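Single-structure report; data block below.
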Amino acid sequence: MKNTLYEQGFNANEMVILGMIIIGGIIVIVLPKILSKASAVFSLLFGVTTGLMFDHTLAVPPLDLYDVNDQSIYQTFDMFSYLMYAPFGYIFIYIYRRFNIKGWKVIPYILGWTALAILVEVWAIKVGIFHFKNGYRSLYSIPIYLFVQSVQLFLYEKVFMNHDYDKGAN
């Protein structure tokens, strides 16, 4: 496998990843605690796990649709890039729970988060976190975001809401 070098050294893409992790972490810490510890951990880990799963499915051969960060080979800092997904998973469930989104309102909620995810992805391309190749475009990520968010809400509803783990939530 040929290694493509996009950038060298610590620069914008690493700073953005660290910034997203720090700012996202601060947001998670300062938000009022309305989720149980179990559902909070689930939400944080769901973001990380799905990021890892899809990156290691789509970004490696045989698909090889994009590269992450400075090189086409996996580097140590790439491991940190998955932590930036954690706050998104948490905030996604936090807002859903806080505003008691139900029924038909779930559809625009998921669509709004998908649009936000695409905007963040486009920004991540501009700062050098993602490097699309082999014809991949952000448009192709839409079904992935729709699927991931739908699964996260489904699992949250089935495992946490229906078992009353979040009794103190609004």
Helix 86-98 axis, angle to the chain major axis (alpha carbon atoms, nearest 10°): 20
Angle in degrees between helix 106-126 and the longest Cα principal axis of the chain, rounded to the nearest 10: 20
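Which percent of the accessible heavy-atom area of region 12-167 goes to carbon and sulfur, probe 1.4 angstrom?
Numbers: 6150 of 8240 Å².
C and S fraction of accessible area: 75 percent.
Once you have the Kirkwood Rh of the chain from its Cα pairs, apply Stokes-Einstein at 37 °C and 0.692 mPa s and quote D in µm²/s.
194
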Residue-normalised accessible area of region 12-167, expressed per residue, 1.4 Å probe, Å²: 53
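Output needed for region 17-91: three equivalent-ellipsoid semi-axes, defined as square roots of 5 times the C-alpha gyration tensor eigenvalues, in descending order, whole Å. Intermediate values should be presented prior to the final figure.
Values: eigenvalues 144, 39, 11 Å².
Listed largest to smallest, the semi-axes of region 17-91 are 27, 14, 7 Å.
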Unit charges at the beta carbon, dipole of the chain: most positive-side option, S81, I93, A115: I93
Accessible-area ranking of H56, H131, largest first, probe 1.4 Å: H56, H131
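The values are calculated or read from the model by the stated rules, or taken from the named source; none is laboratory data. These figures come from a predicted structure and were not determined experimentally. No Cβ is skipped: glycine too gets one built from the backbone with ideal geometry, and neighbour counts run over all protein chains shown. The protein model used for the area step is the full one, side chains on, heavy atoms only, and it has no ligands, DNA or RNA in it. Shrake-Rupley method; radii C 1.70, N 1.55, O 1.52, S 1.80 Å.
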